[in-house]
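Beneath this line is the structure, given in structure tokens, with notes to follow.
The values are calculated or read from the model by the stated rules, or taken from the named source; none is laboratory data. All values derive from a computational prediction rather than experimental measurement. Note: ideal-geometry Cβ built from the backbone for every residue, glycine included; neighbour counts use all protein chains shown. Side chains included, ligands, DNA and RNA excluded: accessible areas come from the protein's heavy atoms. Shrake-Rupley method; radii C 1.70, N 1.55, O 1.52, S 1.80 Å.
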Amino acid sequence: MFAEDMNEIGQAGHEPVALVRWLVSLAAHHGANALTYQVSDLFDSFEKTPPHIYFLGAQKFSRHMLPPEHAAALGRCNTFLVKNGKPIVLSDFLDTFAALEPKMTDEIMSEARARGVQDQFMVPVFGPFTVNGVVTFAFPQTLDGERDALLDDLETAASIFHMRMVRHFGSQAEDTHLSRRENEVLDWMAKGKTNAEIALILGIKSTSVGTYVRRIFEKMGVSDRVSAAVEGVKRGFVN
């Protein structure tokens, strides 16, 4: 089944609707009854992020339809997953989350169970343009016993899905244009110079350098100087 699905996603190309249908179909085949996808809150500068959508039968709704405090808690959970870098089964970590945020965990799990969700496989995904996120597969039963092959398939599918979604929505990022001054700032930043040092070299104010750095981050879809330097090299802005 997974090999056939791989062929199908290859034919789907970069169309987001086709990719979503493929992932939902594969998730359902493996017994999942809901699916979520969210680009990490760590990367808000990425301009055209796909929405965080839940799929449950014929139902679907965006994260903005959730109570704000629940959406914020899910964001914190997803940030933890991205930083941790490894998929988790929710039932294995539920006690940990409950110890940190008992009231919120109880509310979210009660809502999930009311919708037929008992357990979740939560996969951090890492894509181009330094855009990361989390894909979550929800199940009507607790995941236990022989589950390794199932989870391996879903982890691989989630990674492929995210990479193609980011490439589709971030395609314009490859056409990033930096002004002459932004390019100069990026070049010195890649050489390890601080804002104060760059200001002295270029004969401008340190606050102006800070403004250029923020613009560079926004245009390149990154959140730190090292990522900006790496992307600068990849895109030919930095020698």
**Prompt:** Name the residues in segment 124-142 that are open to solvent by 10 Å² or more (accessible area, probe 1.4 Å) and either polar (S, T, N, Q) or not in a strand (DSSP E or B) (or both), would you?
**Reply:** G127, P128, F129, T130, N132, P140, Q141, T142
**Prompt:** Which residues, counting only those in segment 220-239, are open to solvent by 30 Å² or more (accessible area, probe 1.4 Å) and either assigned to a helix (DSSP H, G or I) or aliphatic (A, V, I, L, M) (or both)?
**Reply:** R225, V226, V230, V233, K234
**Asked** For segment 63-87, which residues satisfy the criterion of being more than 11 Å from V134 (Cα to Cα) and either at pLDDT below 85 or not in a helix (DSSP H, G or I) (or both)?
**Response** R63, H64, M65, L66, P67, P68, E69, H70, A71, A72, A73, R76
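For segment 196-219, name all the residues that are open to solvent by less than 70 Å² (accessible area, probe 1.4 Å) and touching a residue at least 60 places away in the same chain (Cβ under 8 Å). Talk me through it step by step, then tell me what you get.
The first filter runs over segment 196-219 and keeps only residues open to solvent by less than 70 Å² (accessible area, probe 1.4 Å), leaving 196, 198-199, 202-204, 206, 208-213, 216-217.
Selection gives F217 alone.
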**Asked** Would it be correct to say that A98 is modelled with pLDDT of 90 or more, more than 15 Å from the chain's Cα centre (by Cα) and more than 19 Å from V24 (Cα to Cα)?
**Response** yes
**Message:** Of everything in segment 171-203, what is at pLDDT below 90 and assigned to a helix (DSSP H, G or I)? Give them in sequence order.
**Reply:** S171, Q172, A173, E174, D175
**Request:** Test each condition in (1) in contact (Cβ under 8 Å) with a residue 24 or more places away in the chain; (2) open to solvent by 40 Å² or more (accessible area, probe 1.4 Å) for V117 and report the one that comes out false.
**Result:** (2)
**Message:** Whether any residue in segment 48-57 is modelled with pLDDT of 55 or more, of a type in the set (G, A, S) and more than 17 Å from V125 (Cβ to Cβ) is what I want to check.
**Reply:** yes
**Asked** Would a scan of segment 210-220 turn up a residue that is within 25 Å of the chain's Cα centre (by Cα) and polar (S, T, N, Q)?
**Response** no
**Among the candidates K60, K103, residue that is modelled with pLDDT of 90 or more, outside any loop (DSSP other than H, G, I, E, B) and out of contact with any Leu (no Cβ under 7 Å at 6 or more places or on another chain)** = K103
